[in-house]
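As structure tokens, the structure follows; a few thoughts come after it.
Taken together, the values in this text are just the output of simple stated rules run on the coordinates, not laboratory data. Computed from a predicted structure; not experimentally measured. Here the Cβ is made from the backbone with ideal geometry for all residues, glycine too, and neighbour counts use every protein chain on show.
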Amino acid sequence: MSRTALSAETRPPSVERLLAHEAAAASAEAYGRTALTEAIRAVLAAIREGHEPLAESEELIARAEARLERESRPSLRRVLNLTGTVLHTNLGRAPLPPEAVEAVAAVMTGASNLEYDLVRGERGERDSHVEALICRLTGAEAAVVVNNNAAAVLLVLNALAMRREVVVSRGELVEIGGSFRVPDVMVRAGCRLREVGTTNRTHLADYAEAIGPRTGLVMKVHPSNYEVTGFTAEADAAALKHLCAERGVPFVNDLGSGNLIDFAAYGLPPEPTVGRALAESDLVTFSGDKLLGAVQCGIVAGRADLVAKVRKNPLKRALRVDKMTYAALGAVLRLYLHPERLKERLPTLRLLTREETAIRTQAERLLPGIAARLGDRARVTVEPCSSQIGSGALPVETLPSASLVLRPPSGPKGEGAWLKLLAASLRALPVPVIGRVGDGALRLDLRTLEDEAELLAQFEALAI
Ligand SMILES: *Cc1c(COP(=O)(O)O)cnc(C)c1O
């Protein structure tokens, strides 16, 4: 019986016969015989169990190859973030500049001086690779780096206020997202929370009354993801710092998204800088991958004696970061030394400062290509929209932008199902395209699109 005579009625070929087939040679070479054998077994099992029809040997081998290809794809992959949120926590926050990627690659493939002082030829301190830069850019006396800002807050609380009271305004007992709630972190750090003031108003006198012999520190939490408006009052930070100094307790400011530059100078909504916050507190904590635009990490910066205590805490070892983080963070911080070119070299700042007109022009330039690729499967228009900064930075400010808007060809009937299918198809692309669904449309905010050819190539592969 010839191979081509194999029909749906006959029994499937054996694993051995498929493995020996000339069409399987390339896969055996690429993925190895072990993996190919397993894939072929899975294909045959799917036929036996009635999930897939029997087919010619070539087709069965192609199915096995498709399986191998799917399995060899990494789970964590590049996606196109067109959600309109520039620093999207679920999509990996800040994109890194090539300088950071090169710095990481340079120390990853061999040994490095991570904890080795090359001048003295003895053991060194891993934070030394970025500490001087952080101090230079913020005015801090000293700094340590840990896994993220949540870790920075935990470490500071534990190092400076274990078994003591931490004084915080009721208006700042916030949930940052996920499971990071300030009161819970206090408990885990071994501190007792001492709430002062009310949700909308806290005065200097409230703090003055609460600070006593059991106080470990006074903490201020930046309202990253909300805004209290109306009849509000908060204690003046400089006055609060003065009060804390008088009473001999540290004043710590959890900034969340610590930015190092004056945003207003770049035409962006103003946000207090780390330097400014440090002038009004003893210690600040902030994230590396929010407005700063580097990798995930948390930075504690400020008074040298307090930073030394934080560094000595045993939790520092548990929360410390890898050489990759120092390499990438250092490279990004060095870009800040050249502020004239920062806007073009630091991706986060470059994306945040893109002009609405440039984004609209880009959308109009892409419109014919995207519309042609979709044909009669969708109606595509260019519409204005608002981008968000994201990651708890400037929660109520938005940036004017432009988007490609995809709507069902047949109008609102069956719209929900169509949008679901379209969004799923975009997510299934080789480089998944993540947009925003709402108001009967799928929107692709182009503020964060830098590689137009990549988007067009994805639509080429779209199957709906
Ligand atoms: C984002 C944020 C955190 C948590 O920072 P991560 O780097 O995500 O761990 C803590 N506090 C504030 C005020 C924040 O905005």
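Summary of computed values
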quantity: Ranked packing of 46-55, 263-272, 79-88, most packed first, by mean Cβ within 10 Å; calculated: 79-88, 263-272, 46-55
quantity: Between segment 395-464 and segment 7-54, the Cα center-to-center distance that results, in Å; calculated: 37
quantity: Antiparallel DSSP beta bridges within the chain, percent to nearest 5; calculated: 60
quantity: Segment 98-345 shape via C-alpha gyration tensor axes, a/c threshold 1.5; calculated: prolate
quantity: Convex hull of segment 15-72 built on C-alpha atoms - directionally averaged projected area, nm²; calculated: 3.5
quantity: Hits among lysines - C-alpha to C-alpha of residue 312 under 22 Å, sequence gap 8 or more where chains match; calculated: 323
quantity: Among 245-258, 339-352, the order from most to least packed when residues are scored by Cβ within 10 Å on average; calculated: 245-258, 339-352
quantity: Relative packing of 105-115, 187-197, 453-463, which averages over residues the other C-beta atoms within 10 Å, highest first; calculated: 187-197, 453-463, 105-115
quantity: Cα long-axis angle, helix 57-72 against the chain (0 to 90 degrees, to the nearest 10); calculated: 0
quantity: 18 Å Cα-Cα reach of residue 316 towards aspartates and glutamates, excluding residues that sit fewer than 8 places from it in its own chain; calculated: 115, 125, 127, 131, 254, 305
quantity: Segment 157-178-segment 122-144 distance, computed between alpha-carbon centres (Å); calculated: 26
quantity: Orientation-averaged projected area, Cα convex hull of the chain (nm²); calculated: 29.8
